[in-house]
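The values are calculated or read from the model by the stated rules, or taken from the named source; none is laboratory data. Keep in mind that what you see is a predicted model, and the values were worked out from it rather than measured. Heads up, the Cβs are rebuilt from the backbone with ideal geometry, glycines too, and the neighbour counts pull from every protein chain shown.
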């Protein structure tokens, strides 16, 4: 997962709360917020999983989140 895919996944899943969750919610596996974790180089995929765990996102909405739909020809 790329950083851009992480942000897209968070926006898609949490809508208006996305920015607040990324900036304010401390993720237990890292002892820091998602924004701080990104800044220190923790993999976006690991941060996404921790955020999903902490906010009880169902498993079916975790995999492939943040990816764009392929362009149609």
Original post:
So which pairs qualify, if the first residue must be in segment 53-72 and touching a residue at least 12 places away in the same chain (Cβ under 8 Å) and at positive phi, the second must be surrounded by 10 or more Cβ atoms within 10 Å (Cβ to Cβ) and in a loop (DSSP other than H, G, I, E, B), the Cβ gap must be under 7 Å, and the two must be at least 6 apart or on different chains?
Top reply: 66/1
Original post:
Among the residues of segment 15-27, is there at least one that is modelled with pLDDT of 95 or more, loosely packed, with under 14 Cβ neighbours inside 10 Å and either on the phi > 0 side of the Ramachandran plot or part of a loop (DSSP other than H, G, I, E, B) (or both)?
Top reply: no
**OP:** Scan segment 33-45 for residues that are surrounded by fewer than 17 Cβ atoms within 10 Å (Cβ to Cβ) and not in a helix (DSSP H, G or I) and jot them down.
**Re:** 40, 41, 43
